[in-house]
Amino acid sequence: MTIAKPDFIEGIAKGMAVLESFDTERQRLNATLAAERAGLTRAAARRHLLTLAHLGYLETDGSYFWMAPKVLRFSGSYLASSRLPRALQPTLNRLAAQTQESFSAVVLDGEEVVIIARSGSYGAPTRVLAYGLHLGARLPAHATSTGRVLLAAMSTAQFAHWLKGRSLPRLTPQTVTQARVLRQLVARARKDDFCFASEEHELGVQALAVPLRDMQGHTVAALNVVFSGTRHQEDTLRHEMLPLLFEAAREVRALL
């Protein structure tokens, strides 16, 4: 969204940049680290950290800061008020009960995908993934089936703009890190209308994803099924799971 310069509140933008500096790699930050990650001076970062701590969004020991539970108000409010997760949840639950596998609905946010709804797993318990499969978990778009499905929904020009100058971190030996190869995989996902990814964001994890479109044909999210542990053949997963995913996508289209 583009707004007029007089309407832009720079203080809020800087405060959000500081808050977004915290992630799984940097769970605790001091003023110097926060300044580096948010692109601010150390003095400005310190003031924002202290203000966020005063408001209850951060905790501190006087030197380092870390996120407080209050930040969950944002995700809780989104999940409670957004129509998309509520519309998809019954379908995810039904698929999980039917197959005893784990299903998620995911949206694109910059260079990452975000899980906005998930089924959990019915039957045998699954291990906790290093990157997490909980609500709100963020995964790298280039290394995930859902990310490639959502990137495939972009026009060629939009995807070229998204990819330009972007690094593609290697997460496992299987991760695609070459822009040329990623372009080919996204083009394939656009043609096939689904994507399969194997052990690219974590070893032992495979996933199959399809786009979720509204009645106007716009892709608003991606639906995937995740397998961990035993390695599966792509052809087998496509034969067993792809019809279920496509049917679910048709079911929810009117709700999106």
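All of S21, S121, S77 fail the test of being at pLDDT 90 or above, among the hydroxyl-bearing types (S, T, Y) and either open to solvent by 60 Å² or more (accessible area, probe 1.4 Å) or not in a helix (DSSP H, G or I) (or both), apart from S21. Scoring A222 on the criteria (1) assigned to a strand (DSSP E or B); (2) open to solvent by 50 Å² or more (accessible area, probe 1.4 Å) leaves a single failure, condition (2). Looking at V176 and the list (1) modelled with pLDDT of 95 or more; (2) more than 16 Å from G147 (Cα to Cα), which single condition is not satisfied? Looking at each condition in turn, V176 falls short on (2). Residue-level check: of (1) in contact with a strand residue (DSSP E or B) (Cβ under 8 Å, 6 or more places away or on another chain); (2) open to solvent by 30 Å² or more (accessible area, probe 1.4 Å); (3) touching a residue at least 12 places away in the same chain (Cβ under 8 Å), L33 misses just (1). If the condition is being surrounded by 14 or more Cβ atoms within 10 Å (Cβ to Cβ) and of a type in the set (V, I, T), then the range 144-200 contributes T144, T146, V149, T172, T175, V176, T177, V186. Residues of the range 204-217 that are surrounded by fewer than 17 Cβ atoms within 10 Å (Cβ to Cβ) and without any contact (Cβ under 8 Å) to a residue 40 or more places away in the chain: G204, Q216, G217. Just one of the listed residues (T51, T24) is on the phi < 0 side of the Ramachandran plot and under 19 Å from the mean Cα position of the chain (by Cα), and it is T24. The set of residues in the range 187-202 that are at positive phi and over 17 Å from the mean Cα position of the chain (by Cα) contains only D193.
The values are calculated or read from the model by the stated rules, or taken from the named source; none is laboratory data. Predicted, not measured: the structure shown is a model, and the values here were computed from it. FYI the Cβ positions are ideal-geometry reconstructions off the backbone, even for glycines, and counts take in every protein chain you see. Note: accessible area is taken over every heavy atom of the protein model, side chains too, but ligands, DNA and RNA are not part of it. Shrake-Rupley method; radii C 1.70, N 1.55, O 1.52, S 1.80 Å.
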